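What follows is one structure encoded as structure tokens, with my remarks underneath.
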Amino acid sequence: MFNTDDVLMGKKPGFVLDRFIQKMASKEIFQMYGIPIKREVSTYDELMQRYEQIIATLNPYFDISFKSISHQFYGENIYPLGGDTSNYYTVFWDINKASSLIQRTHVQKKTGPIAELRSLVSDENIDWNFIKSKSQSHEPIIIVYFDPVSKPMVIDGNHRLVRAYAENPSGVIEGYVLNQAQSLEVMSCEYSRVLYVIHQNMNTILNYMAGTRSDLPLIEV
């Protein structure tokens, strides 16, 4: 595992997915996770080939044109093979764009239990000296639900959340929850959006073939 700043600063590529693609294309991933194939997708090979071709065209480095001293970014490393951290893609959200979208589309504030939300924040991402400072904002936090890994993520307000937990762990905190379309809109670079969709589609195909879902709603890449 590594810090997402390495990708933001161009020290590491934004994705390495060769093993994931190979295991999906060969269907080895079913054996890897002990999932029996209960039905086939007639276009499986075509879909895997198309996704591999699309990924090959992507620039794996964060687009420097998005970098601005006035913009704040939040990144998460996604590991589609679970414990195999050699394959990953890093997703960045532009917090300035997210705030503008919230204002423009009138996203409504919600409240959630601090203790439950605190579990979403890794201590590795926390600057504990900043937690102790008095200069923190009291704005609502921003949450997205990352469907490919079935996980909600706090993309803005991690420090506010941790501080609120320290002050009142049984309390509640205000936040905005962005849906899938809104989350995709405020991602910071094209490869993040494309890989999110491909990863989500691959999960949908896996679940369909495993018999855990009866429909096959694939998102257009």
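So which helices (runs of 4 or more DSSP H) are wholly in region 1-117 and hold at least 3 residues that are within 22 Å of the chain's Cα centre (by Cα)?
5-8, 18-25, 44-57, 95-105
Matching residues to (1) buried (at least 16 other Cβ atoms within 10 Å of the Cβ); (2) closer than 30 Å to Ile29 by Cα; (3) in contact with a Lys or Arg (Cβ under 6 Å, 6 or more places away or on another chain):
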{"site": "Trp93", "(1), (2), (3)": "yes, yes, no"}
{"site": "Arg104", "(1), (2), (3)": "no, no, no"}
{"site": "Lys109", "(1), (2), (3)": "no, no, no"}
{"site": "Gly112", "(1), (2), (3)": "yes, no, no"}
{"site": "Ser119", "(1), (2), (3)": "no, yes, no"}
{"site": "Ser122", "(1), (2), (3)": "no, yes, no"}
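Just checking, does region 175-188 include any residue being assigned to a loop (DSSP other than H, G, I, E, B), free of Cβ contacts under 8 Å to residues at least 60 places away in the same chain and more than 25 Å from Pro60 (Cα to Cα)?
Of the residues in region 175-188, the ones assigned to a loop (DSSP other than H, G, I, E, B) are 179, 186, 188.
Adding the requirement that they be free of Cβ contacts under 8 Å to residues at least 60 places away in the same chain leaves 179.
Filter once more, keeping what is more than 25 Å from Pro60 (Cα to Cα): 179.
Looking through region 175-188, at least one residue is assigned to a loop (DSSP other than H, G, I, E, B), free of Cβ contacts under 8 Å to residues at least 60 places away in the same chain and more than 25 Å from Pro60 (Cα to Cα).
Quick one: is Phe30 in contact with a Ser or Thr (Cβ under 8 Å, 6 or more places away or on another chain), touching a residue at least 24 places away in the same chain (Cβ under 8 Å) and not polar (S, T, N, Q)?
no
Enumerate the pairs (first residue in region 121-146 and modelled with pLDDT of 70 or more; second residue anywhere and of a type in the set (Asp, Glu)) with beta-carbon separation below 6 Å, excluding pairs fewer than 6 apart on the same chain, so at least 6 apart or on different chains.
Between residues of region 121-146 that are modelled with pLDDT of 70 or more and residues that are of a type in the set (Asp, Glu), the close pairs are Pro140/Glu174; Ile142/Asp156.
Just to verify a result, which residue in region 184-206, among those that are out of contact with any Leu (no Cβ under 8 Å at 6 or more places or on another chain) and either closer than 18 Å to Phe73 by Cα or of a type in the set (Phe, Trp, Tyr) (or both), is surrounded by the fewest Cβ atoms within 10 Å (Cβ to Cβ)?
Filtering region 184-206 for residues that are out of contact with any Leu (no Cβ under 8 Å at 6 or more places or on another chain) and either closer than 18 Å to Phe73 by Cα or of a type in the set (Phe, Trp, Tyr) (or both), the one surrounded by the fewest Cβ atoms within 10 Å (Cβ to Cβ) comes out as Leu184.
Residue pairs, Cβ under 9 Å, 6 or more apart or interchain, first in region 85-97 and within 16 Å of Tyr145 (Cα to Cα) and in contact (Cβ under 8 Å) with a residue 60 or more places away in the chain, second part of a strand (DSSP E or B) and small (Gly, Ala, Ser). List them.
Qualifying pairs under 9 Å: Thr90/Gly75; Val91/Gly75; Phe92/Gly75; Trp93/Gly75.
Within region 191-217, track down each residue that is outside any helix (DSSP H, G or I), in contact with a helix residue (DSSP H, G or I) (Cβ under 8 Å, 6 or more places away or on another chain) and touching a residue at least 24 places away in the same chain (Cβ under 8 Å).
Hit for region 191-217 is Leu216, nothing else.
The values are calculated or read from the model by the stated rules, or taken from the named source; none is laboratory data. As the structure is a prediction and not an experimental result, all values here were calculated from the model. FYI the Cβ positions are ideal-geometry reconstructions off the backbone, even for glycines, and counts take in every protein chain you see.
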